[in-house]
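Here's the structure we're looking at; comments come further down.
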Amino acid sequence: MPEHNPVLTERTQNKSLRDVVLEALLALGEPVGSREILAYIRKRGYPGLKGKTPRASIQAAVWKDLQVRKSRSPFRMLGRGRNTRKFWLSDAAVKGSRGPSK
């Protein structure tokens, strides 16, 4: 269980799950699955994932963004099927980023 970090919690408290997933993908720097995204988010202290299915919440946030924003979405899904699906960023999202913040 990661230690509670009040500074990180305050900083991420006002962000949507979509924004936190986007930040995680930028920081991780490669296509990853929802397990890796969840591990990163928990390590950073995001308080918004307290339900029984946090991986499903991550997948739903990305899926909804892809359906609503279509080609303007910063996300891309790679692979098919539950075990091979990975999430990554569109070319525009990668070019527009300043890289991971540490």
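See the values below:
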item	result
Pairs, first of a type in the set (S, T, N, Q) in segment 25-46, second part of a helix (DSSP H, G or I), C-beta under 7 Å, six or more apart	S34/R55; S34/I58; S34/Q59
Count - residues of segment 67-94 that are surrounded by 14 or more Cβ atoms within 10 Å (Cβ to Cβ) and closer than 15 Å to D19 by Cβ	6
Members of segment 37-57 found to be closer than 16 Å to E23 by Cβ and of a type in the set (A, V, I, L, M), listed by number	I37, L38, A39, I41, L49
Neighbours by Cβ (under 9 Å, 6+ apart or cross-chain): first from segment 58-74, over 18 Å from D91 (Cα atoms); second modelled with pLDDT under 90 and among the charged types (D, E, K, R)	Q59/R85
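The values are calculated or read from the model by the stated rules, or taken from the named source; none is laboratory data. Only a predicted model underlies this, so the values are computations on that prediction, with no experimental measurement involved. Because the Cβ atoms are built from the backbone with ideal geometry, glycine has one as well, and the counts that use them run over all protein chains shown.
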